[in-house]
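Structure first, commentary second.
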Amino acid sequence: MAVATPALAGTDTTDNQTPKNYLNASRGLLSWFFTLDHKRIGVMYLIAILSSFFLGGVFALLLRTELLTPAQTIMDADTYNKMFTLHGAVMIFLFIIPGIPATLGNFVLPLMLGAKDVALPRLNLASFWLWMIGAVFAVSSIVVGAVDTGWTFYTPYSTTTGTAVISMTLGAFILGFSSIFTGLNFIVTIHKMRPEGMTWFRMPLFLWGIYSTAIIQVLATPVLGITLLLLVAERTLGVGIFDPALGGDPVLYQHFFWFYSHPAVYIMILPAMAIMSELMSVFSGKHIFGYRFIAWSSVAIALLSFLVWGHHMFTSGQAGITNMIFSALTFSVAIPSAVKVFNWVATMYKGSIRLATPMLYALSFLFLFSIGGLTGLFLGALSTDVHLHDTYFVVAHFHYVMFGGTVIAFLGGLHYWWPKMFGRMYSERWGSIAALLVFVGFNLTFFSQFVMGSQGMPRRYFNYVDRFTSYHQISTIGSYVLGLGFFVIAGYLLHSLVRGDRAPANPWGGATLEWETSSPPPPHNFDCEFRAGDPYDLDDLRYDPEIKGHVRRDPESIRLHPKGAQQ
Amino acid sequence: MTGHAHAQDPNVAHHFENADQQYQSAKLGMWVFLATEILFFGGLFCAYAVYRANHPEIFVFGHHFLDKSLGALNTVILICSSFTIAWAVRAAQLKQIRLLKVLLALTLACAAGFLSVKYVEYSHKWKHGLLWASRYSPEAHHGEQRDHAEETGAESAASGETTESSPEAVQEGLERSKIAPAASGPAGLAVADERPGEEIVAEPKNAQVYFSIYFLLTGLHGIHVLGGMGAMAWLLSLARRGAFDTGHFTKVDMVALYWHLVDLIWIYLFLLLYLID
Amino acid sequence: MMDLQIASNLLSALPEGTEPSMWMPPRVSTVAHHVDWLFNFILAVSVFFFLLIVVLMVLFVIRYRRREGHQAEDSPSHNMALELTWSLIPLALVVVIFFFGFKGFLDMTTSPANAYEILVDGQKWNWSFTYPNGYVDSNLHAPVQRPVRLVMTSADVIHSLYVPAFRIKSDLVPGRYSKAWFEATEPGQYELFCAEYCGTSHSDMIAQVIVHPPGEFEKWLEQASNFLETMTPVEAGFKLYQVRGCQQCHSVDGSAKTGPTLLGIFGHTQALADGGSIVADENYIRESILEPAARVVAGYEPVMPTYQGRIKDEEITAIIEYLKSLSGTE
Ligand code: HEA
Ligand code: HEA
Ligand code: CUA
Ligand SMILES: [Cu+2]
């Protein structure tokens, strides 16, 4: 609870002035561990998930340091193999998959709906503790000798290696169910908890994104579950479905794995796009452009994402016709993504653009995700992928989309809702400095990887031929800048919890419902109910210098019950 | 919180507007959950299908060792239990608490019956060593038999002549493994099988895989049955504490839905493992 | 589709320069240009859209940045025509990309019938290339300007044969044969990587592709093949030790690797995993090569692959002679 305690302390000092909010409503760790309040669960998730991000990041920096020179720099080959496996597994299963939905989603979704909580609060808490148990399994694998299979656990390597595959896969298995429950919860909440007047097409786009994500979570994750179970069975019982010696087929495993793990990459990006739609509108001071197209493209991406998994296996020897179909379908996903990007850019047109920290991240998202996505085209095309598959070009691609896309948007959203979550403002100056550091460091780290990749540098290489040395060294230096950036972020965010100025209810001038309640919100979220209107109609908001925040010209315009019915 | 009419109703959680909204939410949640369950088993069925497509002989061979009558018996038991729990829902809606308890007890009994039959089947397999791969040992000499196959496989793998077979090997994409099984086709390896009481069937290579799959599928299903039993015991205790006196039947309804799925899945297992050859 | 055909024919008539670019390594196979020009085409498309997006973004930020006296102006919040344009243009582009990607892929994967066939065996962590006359080498030697088909399989886990200069990559899957082919356009020496992660020494599972000038290849194969005659048994044994992958796991300097060192094992008594011990004589060594799992040396995993059917008796004899020489017993 490293972060939470100062958060509590921060509000403690001011109990007498501030009304009760969800942070100070009740005390003690137990009141957190067994809370059913989606806001507290969201905060607990936030702490847990940022910690795993930190862990994964530390692995990453160790990786990069090892790659400073060919052959051994600071660790031997086996350690390196375990290192990138842990890095990948932690970043994917512990950090980015639950990432945005479980933290910001949990916190914001019911608020945006004007609801008191998610539909199934107990399930919500259960999914958090499942995450914890899964995390313990996964991390414990490090203690019992770590895993060296790569995060993809390809058979037959994963069924024959001597390392702790089982505890890691069981961990991922449990984490999968945590993710299923979160998705299930959000689907039910969005279907059943929408207030009067909030039709599907009056929902903030954030909810459309989270909803599409939830669809993938519930439909794809079970298959990962059974796949990992089969893998464990293969190791313990010697089943043989994936074992050629027993007439099984190792490539079948790859189909199983990617049937989940491709849709999973859209589990990662859809919530990020969801955040983008909010940021672009609010900080351009304009109504989002092409609402319906953005909304539908989220759903389109979710559905299409189930049809393209084979593009990870173009060189696995699968039939040419299969490759053709998967390649064609892969490109179909690119279109809805393109639509979103263009609509975001169009939203800025004739706006009044404020370069606050969240917007800085939104802009770097546009920059980085475009690169990441466009390089997906090189990989989706059959002939080029034959050359680029399993090279650093792929590594660069997925860092540009996962980091340049998801993590950047996550940071944007974190800064956007931070005042709402903890009732404090962070330092804008440090905010922009860190955003710049991260942007520069990131490009330094990963752009050179595109070049060395297409030049033929294979991935998962502990040792490399000399002509790649300079690319690797640039990349490593970049990663240090990046790391520095994150420590700055961690620094001023933590600082703001204790020293930051009080946040007004609506610091940015957003029109979605979460800004209608105090920051931080009371335990039951709202003191009244709402007649939801257009979530991007920013016109009846005005800035009030007194409270350093925005207020509605007519506060009653969207309220159903008059304010003040306290319990 | 805002003083709503329902604030008193003990069956409605504070964050719901009314009982109906809560019921609808629970129902939708349950259906989505069932969807994930189907996909979960779907994965296994898929593995079954692929392996069967590649090695039909193994399944034809294996399914002779399952007792169809016991399988059928279990199917009947589960269908009955589905019926009783459906009726239990009705009872809960009509606040017929005694009937509800009886029906829940009956369903629980069926489930127990199902598991005991499975126990009989399992123990029979255990006796004959018809277990998953690593524990599979119906006859002593199978071991050597298999090693021998590996060698011949390895040889032909390296020798030039196998390259003839390679062209289609590549076209077919997801085709059966070439080295071990193909190098010496099932027939080549067949050994007469004098298991007492069974009709004489030639045992194809890797027959143990059939039993691995059998235990995976039935085992996973068994676990779901146990889960269902737990849920029903929980309902019974709730009923005893009078939780359903007010006609609040959501929980019963949810468990019933789940139980129907468990039943449905079994019917598929019965088909795939016991019947078709 | 028709005009796409023509276009592609025009493009495949591109000059086949071999010089490396910023993005691509030297291009020395007949199919490489498929990859390279499509790569450049997608690159052009990407740069265009990337600039489009970023330039607009920057312009808007400058032009509409929030400042004194600047208000957000009214403008429509949706526009069907625009939406269609920016869905359909990308759509058209990706169709083109897909088509040429697939077309190139077909040429890259369907080998000419008359191709010269070489068998490839991948095993942790070395390559062995078997030539039609049964000779095995750890490097891939090939004639220039002649199609070569590789028929590949793996003895243990999945590996992947990757020659950047040829733009070819194909997985080696245990229990299955996969194929790749190339026609080298320039004599020379090129890197061959293992591109599918396969464990500890994955990154050292590297071989050389040696493309021989016209006529040279046959000469090389000729004299390489009968090394058993041309060399002394000890030399031949040493060559085998190098090319058959023993080197990967066995040192000859006394240090233990994946397997025990072969320095001075001959005639020396080995402690076995099952508690027993045995004097390493000719038969034991022969057994260790053909059935490694039969007697496992104490303190080691039984990971040595069997060479059953992949090594000739004369070769085993040569290896034994070499091992003898290491123990100073000729
Ligand atoms: C956030 C996660 C994420 C996202 C969003 C994507 C998005 C895409 N990915 Fe990526 N991908 C990964 C994560 C992701 N990927 C990971 C983790 C791997 C490696 C796994 C492993 O092996 O370890 C991978 C690997 C991977 C491969 C396999 C490579 C290989 O191993 O050989 C392929 C191949 O087709 C691919 C394609 C694509 C495509 C076409 C998109 C598209 O969705 C991109 C769409 C976006 C755009 C196109 C940009 C925006 C649009 C414009 C700027 C307008 C102009 C557009 C056009 C002209 C079309 N990805
Ligand atoms: C979300 C996913 C994610 C993220 C964010 C990252 C982040 C990074 N990755 Fe990641 N990477 C993967 C997912 C990710 N990676 C995956 C899936 C693989 C494939 C693995 C495999 O092959 O099996 C991979 C592989 C991979 C490789 C290839 C290894 C190989 O093939 O041999 C490399 C090499 O450079 C690398 C480097 C980095 C670096 C330098 C970062 C840096 O960006 C990290 C910077 C972050 C930090 C330094 C942490 C700082 C954090 C804090 C200070 C906490 C506080 C934070 C806040 C309060 C916000 N990664
Ligand atoms: Cu062989 Cu990697
Ligand atoms: Cu993918």
Q. Could you say whether any residue in segment A:58-74 is farther than 30 Å from A:F526 by Cβ, free of Cβ contacts under 8 Å to residues at least 40 places away in the same chain and more than 16 Å from ligand 2 (Cβ to nearest atom)?
A. no
Q: Evaluate segment C:225-236: report whether one residue or more is within 16 Å of ligand 2 (Cβ to nearest atom), over 12 Å from the mean Cα position of the chain (by Cα) and part of a loop (DSSP other than H, G, I, E, B).
A: no
Q: Go through (1) modelled with pLDDT of 90 or more; (2) in contact with a helix residue (DSSP H, G or I) (Cβ under 8 Å, 6 or more places away or on another chain); (3) more than 14 Å from chain A (Cβ to nearest Cβ) one by one and return the number of the condition C:V148 breaks.
A: (2)
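Which of the residues spanning segment A:268-292 are within 14 Å of chain C (Cβ to nearest Cβ), assigned to a helix (DSSP H, G or I) and touching a Ser or Thr at 6+ places or on another chain (Cβ under 8 Å)? Spell out how you get there, then give the answer.
Within segment A:268-292, the first condition is being within 14 Å of chain C (Cβ to nearest Cβ), and the residues that meet it are A:276-277, A:279-292.
Restricting the remaining residues to those that are assigned to a helix (DSSP H, G or I) gives A:276-277, A:279-284, A:291-292.
Correct list: A:M280, A:S281, A:S284, A:Y291.
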Q.
Tell me yes or no: at least one residue of segment A:262-271 is surrounded by 24 or more Cβ atoms within 10 Å (Cβ to Cβ) and more than 16 Å from ligand 4 (Cβ to nearest atom).
A. yes
Q.
Considering only residues that are away from chain C (no Cβ under 14 Å), hydroxyl-bearing (S, T, Y) and within 17 Å of A:M313 (Cα to Cα), which ones fall in segment A:228-267?
A. A:Y260, A:S261
**Q.** Residue check, B:L73 touching a residue at least 40 places away in the same chain (Cβ under 8 Å) and either touching a Phe, Trp or Tyr at 6+ places or on another chain (Cβ under 7 Å) or of a type outside the set (A, V, I, L, M, F, W, C) (or both)
**A.** no
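Somewhere in segment C:153-161, is a residue within 14 Å of chain A (Cβ to nearest Cβ), part of a loop (DSSP other than H, G, I, E, B), buried (at least 23 other Cβ atoms within 10 Å of the Cβ) and at pLDDT below 90? Walk me through how you get there before you give the answer.
Step one: list which residues in segment C:153-161 are within 14 Å of chain A (Cβ to nearest Cβ), which gives C:153-161.
Retained after the next criterion (residues that are part of a loop (DSSP other than H, G, I, E, B)): C:155-158.
Now narrow it down to the ones that are buried (at least 23 other Cβ atoms within 10 Å of the Cβ): C:157-158.
Add one more test, that the residue is at pLDDT below 90, and what stays is none.
Checked against the condition, which is being within 14 Å of chain A (Cβ to nearest Cβ), part of a loop (DSSP other than H, G, I, E, B), buried (at least 23 other Cβ atoms within 10 Å of the Cβ) and at pLDDT below 90, segment C:153-161 yields no hits at all.
Looking only at segment A:422-442, decide whether some residue is aliphatic (A, V, I, L, M), touching an Asp or Glu at 6+ places or on another chain (Cβ under 8 Å) and away from ligand 1 (no atom under 16 Å from the Cβ). Let's see the steps before the verdict.
Restricting attention to segment A:422-442, the residues satisfying the condition of being aliphatic (A, V, I, L, M) are A:425, A:433-438, A:440.
Keeping just the survivors that are touching an Asp or Glu at 6+ places or on another chain (Cβ under 8 Å) gives A:425.
Those left that are additionally away from ligand 1 (no atom under 16 Å from the Cβ): A:425.
Looking for residues that are aliphatic (A, V, I, L, M), touching an Asp or Glu at 6+ places or on another chain (Cβ under 8 Å) and away from ligand 1 (no atom under 16 Å from the Cβ), one finds at least one in segment A:422-442, hence yes.
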Q. For the subset of segment A:373-409 comprising residues that are small (G, A, S) and within 12 Å of chain C (Cβ to nearest Cβ), which member is surrounded by the most Cβ atoms within 10 Å (Cβ to Cβ)?
A. A:A381
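Can you name the residue in segment A:119-151 that is part of a helix (DSSP H, G or I) and buried (at least 22 other Cβ atoms within 10 Å of the Cβ) and, of all such residues, is modelled with the lowest pLDDT?
Here is the first cut: in segment A:119-151, the ones part of a helix (DSSP H, G or I) are A:121-143.
Going one step further and asking which of them are buried (at least 22 other Cβ atoms within 10 Å of the Cβ), we end up with A:124, A:127-128, A:131, A:134-135, A:138, A:141.
On the way: A:N124: 93, A:S127: 95, A:F128: 95, A:W131: 95, A:G134: 94, A:A135: 94, A:A138: 91, A:S141: 87.
The residue in question is A:S141.
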Q: Select from segment C:178-198 the residues that are surrounded by fewer than 24 Cβ atoms within 10 Å (Cβ to Cβ) and part of a loop (DSSP other than H, G, I, E, B) and list them in ascending order.
A: C:E183, C:T185, C:E186, C:P187
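Which one is farthest from C:G122 (Cα to Cα) among residues in segment C:199-215 that are in a loop (DSSP other than H, G, I, E, B) and within 14 Å of another protein chain (Cβ to nearest Cβ)?
Taking segment C:199-215 and keeping what is in a loop (DSSP other than H, G, I, E, B), we get C:199-201, C:205-206, C:213-215.
From what's left, within 14 Å of another protein chain (Cβ to nearest Cβ): C:199-201, C:205-206.
Details: C:G199: 13, C:T200: 15, C:S201: 13, C:M205: 9, C:I206: 11 Å.
Per the criteria, the residue is C:T200.
Taking the condition more than 16 Å from ligand 1 (Cβ to nearest atom) and without any contact (Cβ under 8 Å) to a residue 24 or more places away in the chain, does A:P522 pass?
Numbers: more than 16 Å from ligand 1 (Cβ to nearest atom): yes; without any contact (Cβ under 8 Å) to a residue 24 or more places away in the chain: no.
For A:P522, the condition - more than 16 Å from ligand 1 (Cβ to nearest atom) and without any contact (Cβ under 8 Å) to a residue 24 or more places away in the chain - is not met.
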Q | Long-range neighbours under 6 Å by Cβ, at least six apart or interchain, first residue under 19 Å from A:S327 (Cβ atoms) within segment A:295-308, second in a helix (DSSP H, G or I) and within 16 Å of ligand 2 (Cβ to nearest atom) | A | A:I301/A:Y266; A:S305/A:P263; A:S305/A:Y266; A:F306/A:P263; A:V308/A:H262
Q) Hey, C:R176 hits all of (1) within 14 Å of another protein chain (Cβ to nearest Cβ); (2) modelled with pLDDT of 90 or more but one; which does it fall short on? A) (2)
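With the requirement that a residue be under 13 Å from C:W125 (Cα atoms) and touching a helix residue (DSSP H, G or I) at 6+ places or on another chain (Cβ under 9 Å), what does segment C:233-256 give you?
C:R244, C:C246, C:Q247, C:Q248, C:H250
Looking only at segment A:435-480, count every residue that is part of a helix (DSSP H, G or I) and more than 9 Å from ligand 2 (Cβ to nearest atom) and tell me the total.
So the first thing to find is which residues in segment A:435-480 are part of a helix (DSSP H, G or I), and the list is A:435-454, A:466-480.
Those still in the list that are more than 9 Å from ligand 2 (Cβ to nearest atom) too: A:435-437, A:439-440, A:443-444, A:447-448, A:450-454, A:466-471, A:473-474, A:477.
Looking only at that region, the number is 23.
Which residues, counting only those in segment A:410-430, are among the small types (G, A, S) and either in contact with a strand residue (DSSP E or B) (Cβ under 8 Å, 6 or more places away or on another chain) or at pLDDT below 95 (or both)? Give the steps one after another, and end with the answer.
Within segment A:410-430, the first condition is being among the small types (G, A, S), and the residues that meet it are A:412-413, A:423, A:427.
Within segment A:410-430, A:G423, A:S427 qualify.
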Q: Tell me, yes or no, whether segment A:152-171 has at least one residue that is under 24 Å from the mean Cα position of the chain (by Cα), more than 10 Å from every other protein chain (Cβ to nearest Cβ), assigned to a helix (DSSP H, G or I) and closer than 30 Å to A:G114 by Cβ.
A: no
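Which helices (runs of 4 or more DSSP H) sit wholly inside segment A:29-118 and have at least 3 residues that are within 16 Å of ligand 1 (Cβ to nearest atom)?
Numbers: elements: A:29-33, A:38-66, A:77-89, A:106-113.
So the answer is A:38-66, A:77-89.
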Q: Search segment C:75-111 for residues being at the interface with chain A (Cβ under 8 Å from one of its Cβ atoms) and small (G, A, S), and hand back the single one that is nearest to the chain's Cα centre (by Cα).
A: C:G104
Q: Could you please let me know if C:V303 is surrounded by 13 or more Cβ atoms within 10 Å (Cβ to Cβ), aliphatic (A, V, I, L, M) and at pLDDT below 85?
A: yes
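With within 14 Å of chain A (Cβ to nearest Cβ) and of a type outside the set (G, A, S) as the only criterion, which of C:Q223, C:Q189 stands out? First the steps, then the outcome.
On the way: C:Q223 fails: within 14 Å of chain A (Cβ to nearest Cβ).
Residue meeting the stated conditions: C:Q189.
Output the number of residues of segment A:184-210 satisfying the condition of being hydrophobic (A, V, I, L, M, F, W, C) and not in a helix (DSSP H, G or I).
Here is the first cut: in segment A:184-210, the ones hydrophobic (A, V, I, L, M, F, W, C) are A:184, A:186-188, A:190, A:193, A:198, A:200-201, A:203, A:205-208, A:210.
Next, only the ones that are not in a helix (DSSP H, G or I) stay: A:193, A:198, A:203.
Total meeting the criteria: 3.
Out of contact with any strand residue (DSSP E or B) (no Cβ under 7 Å at 6 or more places or on another chain) and either within 16 Å of ligand 3 (Cβ to nearest atom) or not acidic (D, E) (or both): does that describe C:K239?
On the way: out of contact with any strand residue (DSSP E or B) (no Cβ under 7 Å at 6 or more places or on another chain): yes; either within 16 Å of ligand 3 (Cβ to nearest atom) or not acidic (D, E) (or both): yes.
When the stated conditions are applied, C:K239 passes them.
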Q) Considering segment A:293-314 alone, what residues qualify as being within 16 Å of ligand 2 (Cβ to nearest atom) and either closer than 17 Å to A:L366 by Cα or outside any helix (DSSP H, G or I) (or both)? A) A:M313
(Q) Suppose the filter is among the hydroxyl-bearing types (S, T, Y), within 9 Å of ligand 1 (Cβ to nearest atom) and in contact (Cβ under 8 Å) with a residue 12 or more places away in the chain; does A:S370 pass it? (A) yes
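The values are calculated or read from the model by the stated rules, or taken from the named source; none is laboratory data. As the structure is a prediction and not an experimental result, all values here were calculated from the model. Backbone-built Cβ (ideal geometry, glycine too); neighbour counts: all protein chains shown.
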